[in-house]
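Read-outs throughout are calculated quantities, based only on the coordinates presented, and are distinct from any laboratory measurement. None of the values given here were measured: they were computed from a predicted structure. Every residue, glycine as well, gets a Cβ built from its backbone with ideal geometry; the counts of neighbours run over all protein chains shown.
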Amino acid sequence: MDFKDKIVWITGASSGIGEALAYAFARQGAKLVLSARRESELNRVADACRSYGSMAHVMPFDVIDLSVHEDKVNEVISTYGKIDFVILNAGVSQRSFIENTKFDVYRQLFEVNFFSIVSLTQAILPIFKSQKSGRFIPIASVAGRISTPRRAAYGATKHALIGFFDSLRAEVYEDGIRVTTILPGYIKTNISIHALNEDGEKYGKMDPNQAKGLDVTLTAEAILKAINTGKNEFFIGGKLEALGLFVKRFFPGLLFWMIRKIKNT
């Protein structure tokens with residue numbers, strides 16, 4: 001893989017897949033822009049990236065503050081002069097039944113997981129078009145293909161994200177812009193701990209499937225390989241999620257029966 005001196009902007013870079021991707025790109029010699037809300041955590045990640053000899057610009061902001069998106073894009077350009085890859089990783093999950101979930105929780109999930117990403121993508125597009133190059137890497141989810149109990153809001157946002165970038169991929173191909181949509185399954189991160197419950201508060205528990213999930217460092221390395229080979233879409237996860245995607249494609253009626261039997265926490 002050759003990411004040396006490539007400009008890589010990662011949102012949600014303070015933990016989980018975003019943090020692991022920052023380290024993976026740093027080991028490849030990329031120049032990084034690290035974004036999330038928590039500046040102290042971003043500084044911790046940036047220091048680790050610099051220990052690999054990588055440049056790392058810390059740029060904290062809340063992705064749902066759409067008013068700052070254009071300014072943040074300009075800050076990246078003033079720092080590095082261009083953008084090669086944008087990892088759209090900021091997001092939040094959910095753990096609640098549909099009938100119990102307050103409507104504001106649905107709005108909050110869409111603000112973070114979908115609308116903020118659409119806005120930031122639109123702010124970056126003129127840069128990519130002027131460069132005649134650039135790659136968007138949205139971190140979607142297997143939940144965007146297979147929606148299960150207690151994940152309705154989360155699954156809906158990821159369905160929307162996949163659909164949005166399928167359209168974008170076609171629209172901007174002639175401009176030299178590419179899209180690699182990532183579909184993670186169960187990855188061992190704290191995503192379930194920070195997920196929202198029916199009241200919009202932190203769920204605060206480790207999902208048993210998440211606890212047994214794929215190692216996040218191996219996940220990041222696999223994502224880099226997918227980006228390097230120019231994949232349009234890339235699944236990374238365990239056998240259970242792979243089976244679900246297979247059954248959905250070839251035996252959709254069976255999948256609906258399987259989903260009814262799932263006892264998600």
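Of the residues making up segment 47-95, those that are in contact with a helix residue (DSSP H, G or I) (Cβ under 7 Å, 6 or more places away or on another chain) and hydroxyl-bearing (Ser, Thr, Tyr) are Tyr52, Ser54, Ser93.
Hey, any hits in segment 173-189 for a residue that's in contact with a helix residue (DSSP H, G or I) (Cβ under 9 Å, 6 or more places away or on another chain) and free of Cβ contacts under 8 Å to residues at least 24 places away in the same chain? Among the residues of segment 173-189, not one is in contact with a helix residue (DSSP H, G or I) (Cβ under 9 Å, 6 or more places away or on another chain) and free of Cβ contacts under 8 Å to residues at least 24 places away in the same chain, which makes the answer no. Restricting segment 247-265 to residues that are surrounded by 12 or more Cβ atoms within 10 Å (Cβ to Cβ) and assigned to a helix (DSSP H, G or I), which is nearest to the chain's Cα centre (by Cα)? The qualifying residue nearest to the chain's Cα centre (by Cα) is Lys248. Residue under question is Thr189, and the condition is that it be under 28 Å from Ser14 (Cα atoms) and surrounded by fewer than 19 Cβ atoms within 10 Å (Cβ to Cβ); does it hold? It is false that Thr189 is under 28 Å from Ser14 (Cα atoms) and surrounded by fewer than 19 Cβ atoms within 10 Å (Cβ to Cβ). Restricting to strands (runs of 3 or more DSSP E) lying wholly in segment 149-241: which have 2 or more residues that are under 19 Å from Ile83 (Cα atoms)? Counting at least 2 such residues, we get 177-179. Restricting Ile187, Ile177 to those that are under 13 Å from the mean Cα position of the chain (by Cα) and either within 24 Å of Arg37 (Cβ to Cβ) or of a type outside the set (Phe, Trp, Tyr) (or both) reduces the list to Ile187. Of the helices (runs of 4 or more DSSP H) that lie entirely inside segment 1-116, those containing 1 or more residues that are touching an Asp or Glu at 6+ places or on another chain (Cβ under 6 Å) and more than 24 Å from Gly155 (Cβ to Cβ) span 16-27, 39-50.
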